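The values are calculated or read from the model by the stated rules, or taken from the named source; none is laboratory data. Just so we're clear, the structure is a prediction, and the values are computed from it rather than from any experiment. Backbone-built Cβ (ideal geometry, glycine too); neighbour counts: all protein chains shown.
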Amino acid sequence: MHKKTALITGGARGIGRAIVLQLAADGFRVIVNYNKSKKEALELADILRQKNQDFLVIKADISKEKEAKKMMEVIRKKSKSLDVLVNNAGIIITQPFCNLKLNSFDKIIQTNLRGNILVTKYALPLLKKSNNSKIIFILSSSAFVGSSSQFAYVVSKAGLVGAVRALALELAPAGILVNGVVPGYVNTQMASTVKKQMQAGIKKIPLSRIGESQEVAALVAFLASAKNTYITGQCIHINGARFMA
């Protein structure tokens, strides 16, 4: 049987790490992309090795076209197939719009929006060769409700919402399903950078707690699985009913 292969960008920590572990447990060959999180990537590789799971770790700054393209060339040579792409890589910088620095804005857009689009572009030839391949974007609830002092981050994630809808239509004839997963507050290292917003936000969550990375990973795993044959073009929220409060 052909073993399915999944690439997870920003897979060394946080939600990305949880997705890697979940997909590996589900029998996928996992390709872990990282940029600056070398220590975490090596630790994750040790865990996967100890579990005797099939994996590949690749360092690449996806905001740079040459590196995104080279990463896909490595995957083409070493794996020869790609069935699932999880566009998870992202950065966040808290900065009021009135004090917006264009270099910070550009950095976030280059990674969160342009970077994940570049990976998708160069992954497409391999995805088209797969049977029932999937593209999953990790979005953010802030793209739908906004967030104070995170203008660039919100804009970048909102752009990916548009990418989900446009790609779902364009790639449907090729049998590629494209969806977005939209976490609310999740217990990650990145979330700790907006601790004050999180603490205030918890009060608005009917389940009275923030989410865990493993809960997001479980949703991604379903969308990536053979059980998903008809869901495409959707942005699926996982936020403890925060939007309904």
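Every residue, every condition in (1) in a helix (DSSP H, G or I); (2) aliphatic (A, V, I, L, M), yes or no:
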residue	(1), (2)
Ala68	yes, yes
Val86	no, yes
Ala89	no, yes
Ile92	no, yes
Asp106	yes, no
Thr111	yes, no
Arg114	yes, no
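When Ala123 is tested against (1) of a type in the set (Gly, Ala, Ser); (2) free of Cβ contacts under 8 Å to residues at least 40 places away in the same chain; (3) under 24 Å from Ala60 (Cα atoms), exactly one condition is not met: (2).
Condition check ((1) among the aromatic types (Phe, Trp, Tyr); (2) free of Cβ contacts under 8 Å to residues at least 40 places away in the same chain; (3) assigned to a loop (DSSP other than H, G, I, E, B); (4) touching a helix residue (DSSP H, G or I) at 6+ places or on another chain (Cβ under 7 Å)) across all residues:
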| residue | (1), (2), (3), (4) |
| --- | --- |
| Asn103 | no, yes, no, no |
| Leu127 | no, no, no, no |
| Asn131 | no, no, yes, no |
| Phe144 | yes, no, no, no |
| Ala158 | no, yes, no, yes |
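Looking at Asp46, Asp106, Asp83, Asp61, just one residue is modelled with pLDDT of 95 or more, within 16 Å of the chain's Cα centre (by Cα) and farther than 27 Å from Asn132 by Cα, and that residue is Asp61.
When region 219-229 is limited to residues that are touching a residue at least 24 places away in the same chain (Cβ under 8 Å) and surrounded by fewer than 16 Cβ atoms within 10 Å (Cβ to Cβ), the one that is farthest from Gly27 (Cα to Cα) turns out to be Thr229.
When Ala12, Ala41 are screened for being part of a loop (DSSP other than H, G, I, E, B), within 27 Å of Asp106 (Cβ to Cβ) and under 18 Å from the mean Cα position of the chain (by Cα), only Ala12 passes.
Consider Val30 carefully, then state whether it is free of Cβ contacts under 8 Å to residues at least 60 places away in the same chain, buried (at least 24 other Cβ atoms within 10 Å of the Cβ) and touching a Gly at 6+ places or on another chain (Cβ under 6 Å). The answer is no for Val30.
Checking each residue in region 44-62 for being outside any strand (DSSP E or B) and either over 18 Å from Thr5 (Cβ atoms) or among the hydrophobic types (A, V, I, L, M, F, W, C) (or both) picks out Leu44, Ala45, Asp46, Ile47, Leu48, Gln50, Ala60, Asp61, Ile62.
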